[in-house]
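A short write-up of the structure that comes next.
The values are calculated or read from the model by the stated rules, or taken from the named source; none is laboratory data. Keep in mind that what you see is a predicted model, and the values were worked out from it rather than measured. Every residue, glycine as well, gets a Cβ built from its backbone with ideal geometry; the counts of neighbours run over all protein chains shown. Remember, those area values only see protein heavy atoms, side chains included, never the ligands or the DNA or RNA. Shrake-Rupley method; radii C 1.70, N 1.55, O 1.52, S 1.80 Å.
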Amino acid sequence: MAAMMDRISDKASALGVPLGVHLDLTWKCNEACGHCYLDHSLGGDMTTAEIKDVLGQLRSEERRVGKECR
């Protein structure tokens, strides 16, 4: 299992694709935590179409990397 994960990690790195993703769907948090990296002045939420587009792009990359790691 570790060897397979190493191959996947190496291939993803060579292709410039992420192994993990954090997707912020909204900027509406009002906590204002000192450690927060979000710029709340940008405002707005992602639309359903934008979310589907991002997920589609990630799915395409996942398939591409997966095929090349077999």
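Conditions (1) open to solvent by less than 80 Å² (accessible area, probe 1.4 Å); (2) outside any helix (DSSP H, G or I), marked per residue:
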position	(1), (2)
MET5	no, no
ILE8	yes, no
ALA14	no, no
VAL17	yes, yes
ALA32	no, yes
ILE51	yes, no
GLN57	no, no
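Residues in the stretch 19-28 that are free of Cβ contacts under 8 Å to residues at least 12 places away in the same chain and open to solvent by 70 Å² or more (accessible area, probe 1.4 Å): LEU19, HIS22. Apart from one condition, GLY66 fits all of (1) surrounded by 11 or more Cβ atoms within 10 Å (Cβ to Cβ); (2) modelled with pLDDT of 70 or more; the exception is (2).
Residues in the stretch 34-42 include none that are modelled with pLDDT under 85, outside any strand (DSSP E or B), under 12 Å from the mean Cα position of the chain (by Cα) and surrounded by 10 or more Cβ atoms within 10 Å (Cβ to Cβ).
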